[in-house]
Structure formats: C-alpha cells, structure tokens
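Peer 1: Below you will find the structure I want to go over with you.
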Amino acid sequence: MNESISRRRRRAQLIRGRVVAGAVALFVAVFGGITAQLASGHDPALAKSKSKSTTTSTAKSTTNTLAPVTTKQS
Amino acid sequence: VITEERVDFACFGGDVSIMASEGDLALIRSRFESWHRMLTRFDPASELCLLNASRARHVRVSPTMAAFVGAAIDAAHRTDGLVDPTLAPEIERAGYRTDLGEPLDLVTSLVLAPERGPARSHPDRRWLDLSVDRYTVTRPPGVELDSGGIAKGLFADLAAGLLSGSGSFAVDCAGDVAIGGSDELTRPVLVDDPFGGEPLHEFEIRQGGVATSGIGRRSWIGPDGLPAHHLLDPSTGRPAYTGVVQATALAPTAAEAEVLAKAALLSGDEHWLAHGGVLVFDDGSHAVIASR
C-alpha cells in the first residue's frame, strides 16, 4: 500500500517536473525569439502598417543627373 | 551619383510630386493634406469656407491661412486686380462647385468658345478692401476668397522651405514647382503640351519657381451651355478666352511664378513673363519668352 502511494508520488513529481520544464522551455523560446527580433531592429510595435492606395507611390532612384519635372496645367 | 526619394499623391484636385535627396517626405505629404483640408472650397467645415461664411469684418485665422491671404493680396496688387482672389461667387456661378471630372476636349472647347479678348480687373476692385494683420483677416462681410492657384504656389514654396537642408529637391504642387537644394544642381523642367504632344520646351533650373496656368485641365460645360474653365475675367466674371491657352512662368518663387503665369494668360500679354516662360496659343503654336 505504502509502496503504491510512494510510486504514485514519484510519478506525480516526474509529471510536475516535466510540466515545469516544458513551461520554462516555452517561455525561453518565446521571449528569446522576441529579444532576437528587437535586437535586430525589427520592433513589431514600430512597424508601419501597409495600406492600399491608388493615388500614392513612393520610390527611390539613383541617377547621374536630377530627374526632370514636368510643369503642366492642373 | 544622385539619390533622391520621391513621393506622388493626389491633392488640390491634381497631382503632387516631391523629390528630395534628404528630408521627411511623409511629413511633408501630411502637411499638404492638412493645407488642402484647410483651403478647399468644397468642404463647409474648411477654414476657408468658415472665413467666407463669417459675417464678422475681422476674422482670426491660422498662420497658414494668414499666409495665403497675404499672398492673395500681394497677387492682386502686383497685377492691379487681374489676378483677383475675390471671385469665389463668380466661379461658383460659372459652374465650378465641386471637384471636376474629366475636362472637355481642348480643341472642341476652343471652337465653341466666345470671341477672344484680354481680361480686365473687376470695376469694384473688391481686393482693395482685403487686408491681413498678423493672424487677423479684415474684409467686408460677403467678400469671399477662392484659393485658386495662389495656394498651390504658396504651398510649393512652404514645402521647399521644409526641404531647405536637402542637397536637391523639387516640389511639384499640381503644376506649381519649387526647385532648389544646397548642392546647387540644375534640374530639367519640361513644359507640357496642352494639346497632348511632346514637351514644348525644356528649362534648366537650379533654384526658383515655375508655374503653368491654363484653360484646358479644369473645364466643363457652363450653365449657358458654353464651354467654361476656372480662369475668370474679373471684369465679367466669366471664363477668359484671350487667345492664350497655357502660360508657363519662371520666377524666384513658385507663388510668384503662379501669379505671373496667370496674369500672362488672362492678359494674353508676354510682358508678364519677365523671368522667362512659354506661351501656348489657341492654334497650338507656342512662343518661348526669354528673361529680361
């Protein structure tokens, strides 16, 4: 009887230990990932949201002369 | 090697393009959008509409509105009322009450247009009663302002001021262009053909303003069934047909260029293009005017 209780206790301790170890591993993995992302300069909170626009465009160009401008009626 | 960032967006009923080697273009774009909301005639809540609707003689305004009114007064004085900012009721009577769709075909509207003649100042010279003292605008209640092209030139210059630390920049505010930069590089400026052909001329500009005014882009059929456009003869309150369909002016600033281009178109007279420019006539021919 006592042996049976002792065995159950050992089993419960083993399971509890695995749960704690798993939780710690998950915690380290998640926060490690976030830390690595922040350290690389990609803070998701600072990311610009993408929006659809039919009237706006941005571009960067590298040339040897300045890009021309066309003056026209508007 | 020159690297410039560029942003294009719709504003002031036209297209705005900003190119610069340095500077926060997103911030400047947001300024343009804010200026547009302030000065549109088509939103009763805009500062311009509230000013026009006010029955008070003295109205406190924002610094930007004060700058616009100052530029508008200056334009009227420089041209003796030919460029008249007080024609808001006339432009609405002519049919320009909302954002316009596709313009009329220029050749067709020229065929149907009334007899040509130079525009003249309004006999009442309402602009003489208009003044601005710091942030207070004074005018007789009922005198209403139209932002017209003057605002476009002014805002091109204000944006240029925000880019003054950039090595190179160009701000094209719906046809009114401010160019500059600390690197003092020259930039090609092409003059558009209003009849759809190849560019008519190319200027090389290091620092200053260029503006093009014309009757082909904002045009519609008026209440009388005749072709109409947004450049009015102040003396009649009706669209001006002077024999010139487009005027391009060079000047030290975009705001000044806007005034000179409009005066040249309304008068049909090249003497306004003292810093140089291009006139395009009804028959499609054009003349390049050298600076004096």
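The values are calculated or read from the model by the stated rules, or taken from the named source; none is laboratory data. The structure presented is a predicted model; accordingly, all values stated were derived computationally and were not measured. Glycine gets a Cβ as well: all are built from the backbone with ideal geometry, and neighbour counts include every protein chain shown. What goes into the accessible areas is simple: the full protein's heavy atoms, side chains included, and nothing from ligands, DNA or RNA. Shrake-Rupley method; radii C 1.70, N 1.55, O 1.52, S 1.80 Å.
Peer 1: If amide hydrogens are placed 1.01 Å from N in the peptide plane, which non-local residues have theirs closer than 5 Å to the one on residue B:193?
Peer 2: For residue B:193, the qualifying residues are B:200.
Peer 1: Per 0.36 nm of contour for each residue apart, how much would the distance between residue B:2 and residue B:125 grow if the chain were fully extended, relative to their Cα-Cα spacing?
Peer 2: Full extension from residue B:2 to residue B:125 adds 39.4 nm.
Peer 1: Let me ask you something else. Looking at chain B as a GNM with Cα springs under 10 Å, which of B:133, B:192, B:269 has the largest mean-square fluctuation?
Peer 2: Of B:133, B:192, B:269, the most mobile in the Gaussian network model is B:133.
Peer 1: Per-residue ellipticity at 222 nm for the protein assembly as shown, helices alone: DSSP H runs ≥ 4 residues times -39500 (n - 2.57), over residue total, nearest 500 deg cm²/dmol?
Peer 2: Calculated at 222 nm, the ellipticity per residue is -10500 deg cm²/dmol.
Peer 1: What is the ratio of the Cα radius of gyration of the protein assembly as shown to 2.2 N^0.38 Å, with N the residue count, to two decimals?
Peer 2: Rg over 2.2 N^0.38 Å, computed on Cα atoms: 1.39.
Peer 1: Something else now. Please turn the phi angles of the range B:46-55 into ³J(HN,Hα) values with the Karplus equation 6.51 cos²θ - 1.76 cosθ + 1.60 (θ = phi - 60°), one per residue in order, whole Hz, x for glycine and proline.
Peer 2: 5, 5, 5, 5, 5, 5, 5, 7, 5, 8
Peer 1: Quick check: pseudo-label points 7 Å beyond the Cα along Cα→Cβ at residue A:25 and residue B:202, how many nm apart are they?
Peer 2: For the pair residue A:25/residue B:202, the computed spacing is 6.8 nm.
Peer 1: In the range B:1-24, which residues have a backbone nitrogen under 16 Å from the label point lying 7 Å from residue B:30's Cα in the Cα-to-Cβ direction?
Peer 2: B:23-24
Peer 1: What FRET efficiency would be calculated for the residue pair residue B:80, residue B:226, taking the C-beta separation as r and a Förster radius of 22 Å, to the nearest 0.05?
Peer 2: Given R0 = 22 Å and the Cβ-Cβ separation, E is 0.20.
Peer 1: Whose amide H sits under 5 Å from the amide H of residue B:11, counting only residues 5 or more places off or on another chain, with H placed in the peptide plane?
Peer 2: So residue B:11 has HN proximity to B:16.
Peer 1: Report Rg(Cα)/(2.2 N^0.38 Å) for the range B:219-292, keeping two decimals.
Peer 2: Here the answer is 1.15, to two decimals.
Peer 1: Return a whole-number percent for the relative contact order of chain B, with Cα pairs under 8 Å and 6 or more residues apart as the contact set.
Peer 2: Across chain B, relative contact order equals 20 percent.
Peer 1: Within 10 Å of each Cβ in B:2-9, how many Cβ atoms from other chains are there, averaged over the peptide?
Peer 2: Mean shielding by partner chains, rounded to a whole number: 5.
Peer 1: Once label points are set 7 Å from the Cα along Cα→Cβ at both residue B:235 and residue B:183, what is their separation, rounded to one decimal in nm?
Peer 2: 4.9
Peer 1: Here is a follow-up. I want the antiparallel fraction of DSSP beta bridges within the protein assembly as shown, as a percent rounded to 5.
Peer 2: DSSP beta bridges in the protein assembly as shown are roughly 95 percent antiparallel.
Peer 1: I've got another one for you. Ranked highest first by the average count of other Cβ atoms within 10 Å around their residues, in what order do B:41-50, B:276-285, B:247-256, A:7-16 fall?
Peer 2: B:247-256, B:276-285, B:41-50, A:7-16
Peer 1: Now, a different point. Hey, rough spin-label estimate for residue B:290 and residue A:11, points 7 angstrom out along Cα→Cβ, what's it come to in nanometres?
Peer 2: Going by the 7 Å Cα→Cβ label model, 10.6 nm.
Peer 1: Considering Cα pairs under 8 angstrom that are at least six residues apart, work out the relative contact order of the range B:1-125 and quote it in whole percent.
Peer 2: 15
Peer 1: Okay, moving on. For peptide B:242-253, compute the average count of partner chain beta-carbon atoms within 10 Å of each residue's beta-carbon.
Peer 2: 1
Peer 1: With the full set of protein chains in place, find how many percent of the accessible area of the protein assembly as shown is carbon and sulfur; take the probe as 1.4 Å.
Peer 2: Roughly 53 percent, rounded to a whole number.
Peer 1: Right, next: Top to bottom by accessible area (1.4 Å), largest first, where do A:5, B:215, B:221 land?
Peer 2: From most exposed to least exposed: B:221, A:5, B:215.
Peer 1: Residue by residue, what Karplus-based ³J(HN,Hα) values in Hz, rounded to whole numbers, does the range B:119-130 have, using 6.51, -1.76 and 1.60 with θ = phi - 60° and x for Gly and Pro?
Peer 2: Residue by residue, the range B:119-130 yields 6, 9, 5, 5, x, 7, 6, 4, 5, 5, 8, 9 Hz.
Peer 1: If you find the alpha carbon centre of the range B:1-66 and of the range B:214-292, how far apart are they in angstrom?
Peer 2: The distance from the Cα centre of the range B:1-66 to that of the range B:214-292 comes to 24 Å.
Peer 1: Arrange the residues A:71, B:3, A:62 by how much accessible surface each exposes, largest first, with a 1.4 angstrom probe.
Peer 2: A:62, B:3, A:71
Peer 1: With no solvent and one equal point scatterer per Cα, compute the Debye intensity ratio I(q)/I(0) for chain B at 0.07, 0.15 Å⁻¹ and report its log10, rounded to two decimals.
Peer 2: Each listed q corresponds, in turn, to -0.24, -1.19.
Peer 1: For the range B:223-268, what is the relative contact order in percent, using Cα pairs closer than 8 Å and at least 6 residues apart in sequence?
Peer 2: Computed value for the range B:223-268: 35 percent relative contact order.
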